[in-house]
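A.B. asks: Sharing a structure, written as structure tokens. Questions coming.
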Amino acid sequence: MKKKSSFVIATIFFAFLTGCGNKENIKDNVQDFETTETMDVKEASSDDISFPARYENTIENVKFNMDIIVDADLTEEVPVIAKAQMKKVDAGQAFDLLFGNNDTYETYEYEENDEYGKKVKTGTYVSPEETTLSYGPVSSQMTYMKRMLMPYIRSAFVLDDEDERYNADLYSKEKQLTFMDREEAFRTVSDVLTKINTKFEYDYTGYALDYATMQSQEYHEDIDGNIDNAQYKEKWSVSDEGYYFCINEIYRGLPLYHVYCEIFSDIKDANAPVQAFVSQNGIEYLDIEKVFDISEEKIGVQLLPIDAIVETAANKYTQILGSSTYEMTNAELYYYVDLSSGMGVYDVKPVWIMKGIEESGEKQQAIQVIIDAQTAKEIIP
């Protein structure tokens with residue numbers, strides 16, 4: 001039997017670990033999905049809809065110079081609407097696989113609402129070395145982190161492109177590190193995801209974090225915003241290298257999108273719902289925000305031509321007062337899980353997510369608009 005020991009954990013450490021969801025799951029509260037396919041593929045066929053690889057047009061102050069990205073063969077994977085529920089992390093398996101070698105640890109339990117609005121217990125386990133595992137309150141939410149290396153990794157690798165210290169572009173997405181190739185490292189993550197009941201079809205980006213770049217990029221500040229030399233790693237070496245994975249879910253050949261933490265709507269690696277870091281010592285960090293099961297019961301739908309989607313985007317930006325100009329550079333077809341459509345059971349539908357640049361004087365900023373692929377109405381998450 002595991003024993004418990006008491007020790008003080010800094011409040012800031014728990015703030016670092018806290019997930020962004022506010023929900024979990026209880027098995028008997030989950031609505032069972034239909035397991036019989038109900039879609040009439042022939043009636044829903046999109047043979048008559050074709051999307052160009054490029055679209056170029058200018059409507060007033062909006063320039064469309066876009067790549068059109070459709071990763072699925074829509075004649076084979078007919079567009080559908082469906083329902084989604086979160087997968088439920090097997091907390092026991094997660095504990096055994098990731099945390100089970102810790103003989104001494106502290107346990108923290110809380111009671112919070114899951115995605116169905118029902119009170120459930122959440123758990124956080126912390127070892128004397130401050131390795132942590134937490135789950136809940138939403139069904140698929142789980143975070144695991146080893147404390148020894150990860151703070152240094154986070155100080156040297158900045159994934160969010162809105163952060164002034166963004167530097168992910170300095171790390172290779174193709175380089176193979178000496179301790180293990182990228183594909184083998186990813187398999188260590190996918191094997192764990194399968195064993196804890198969160199297996200899904202995926203696409204991922206893997207950054208090779210080499211120690212030389214991390215050493216040059218490491219940065220620490222004190223509470224006054226000054227460089228804190230005491231926090232720097234004493235020595236970097238090849239043993240600190242690893243792969244940082246940003247993993248996204250795929251449904252019927254298309255990326256499955258939802259608003260990250262129900263707050264962050266931009267599509268980027270920093271908002272990937274599953275993220276992990278793997279070193280020569282195995283998984284150092286694994287964070288699962290939300291992953292989904294999609295119902296077998298689904299209805300085939302027709303998609304509007306790209307001209308209708310473009311018109312919606314043009315109407316949006318031409319009505320904005322001011323002298324800004326807009327250039328849309330790509331439009332990609334996604335499936336969208338609408339987290340605002342229910343409690344625990346959510347609508348899934350095809351959408352176009354269009355990205356571009358707003359230019360005002362000497363300033364530029366990235367823009368994104370989401371448009372329902374069936375109705376051409378803008379979706380504001």
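The values are calculated or read from the model by the stated rules, or taken from the named source; none is laboratory data. Here the structure is a predicted model, which means the values were calculated and not measured. Positions of Cβ are generated from backbone atoms using ideal geometry, with glycine treated the same way; all protein chains shown enter the neighbour counts. The protein model used for the area step is the full one, side chains on, heavy atoms only, and it has no ligands, DNA or RNA in it. Shrake-Rupley method; radii C 1.70, N 1.55, O 1.52, S 1.80 Å.
A.B. asks: Which numbered condition in (1) of a type outside the set (F, W, Y); (2) in a loop (DSSP other than H, G, I, E, B); (3) within 27 Å of L339 (Cβ to Cβ); (4) at pLDDT 50 or above is the only one that D73 fails?
C.D. replies: Status for D73: all satisfied but (3).
A.B. asks: Still on this structure, please answer the following. Taking the stated definitions as given, is V70 farther than 30 Å from A366 by Cβ, open to solvent by less than 70 Å² (accessible area, probe 1.4 Å) and touching a residue at least 24 places away in the same chain (Cβ under 8 Å)? Don't jump to the end; show me each part of the working.
C.D. replies: Working: farther than 30 Å from A366 by Cβ: no; open to solvent by less than 70 Å² (accessible area, probe 1.4 Å): yes; touching a residue at least 24 places away in the same chain (Cβ under 8 Å): yes.
No: the conditions fail for V70.
A.B. asks: To continue, here is another question. With S324, S340, S360 as the choices, which residue is closer than 30 Å to N197 by Cβ and of a type in the set (S, T, Y)?
C.D. replies: Values: S324 fails: closer than 30 Å to N197 by Cβ; S360 fails: closer than 30 Å to N197 by Cβ.
Every option except S340 fails the conditions.
A.B. asks: Please find, among A366, A331, A373, the residue that is closer than 22 Å to Y204 by Cα, more than 18 Å from the chain's Cα centre (by Cα) and small (G, A, S).
C.D. replies: Details: A366 fails: closer than 22 Å to Y204 by Cα; A373 fails: closer than 22 Å to Y204 by Cα.
The unique qualifying residue is A331.
A.B. asks: Of the conditions (1) within 19 Å of the chain's Cα centre (by Cα); (2) farther than 23 Å from Y346 by Cβ; (3) surrounded by fewer than 20 Cβ atoms within 10 Å (Cβ to Cβ), C261 clears all except one; give me its number.
C.D. replies: Answer for C261: the failing condition is (2).
A.B. asks: Residues in the stretch 20-43: is at least one modelled with pLDDT of 95 or more, of a type in the set (F, W, Y) and open to solvent by 40 Å² or more (accessible area, probe 1.4 Å)? Working first, answer last.
C.D. replies: Residues of the stretch 20-43 modelled with pLDDT of 95 or more: none.
Scanning the stretch 20-43 turns up no residue that is modelled with pLDDT of 95 or more, of a type in the set (F, W, Y) and open to solvent by 40 Å² or more (accessible area, probe 1.4 Å).
A.B. asks: Does the stretch 124-149 hold any residues that are open to solvent by less than 10 Å² (accessible area, probe 1.4 Å) and more than 24 Å from K199 (Cβ to Cβ), and which are they?
C.D. replies: The answer is V126, S127.
A.B. asks: In this structure, is D224 open to solvent by 30 Å² or more (accessible area, probe 1.4 Å) and not in a loop (DSSP other than H, G, I, E, B)? Talk me through it step by step, then tell me what you get.
C.D. replies: Working: open to solvent by 30 Å² or more (accessible area, probe 1.4 Å): yes; not in a loop (DSSP other than H, G, I, E, B): no.
So D224 fails the test.
A.B. asks: Within the stretch 270-286, how many residues turn out to be open to solvent by 20 Å² or more (accessible area, probe 1.4 Å) and either in a loop (DSSP other than H, G, I, E, B) or without any contact (Cβ under 8 Å) to a residue 24 or more places away in the chain (or both)?
C.D. replies: Residues in the stretch 270-286 being open to solvent by 20 Å² or more (accessible area, probe 1.4 Å) and either in a loop (DSSP other than H, G, I, E, B) or without any contact (Cβ under 8 Å) to a residue 24 or more places away in the chain (or both): 3 in total.
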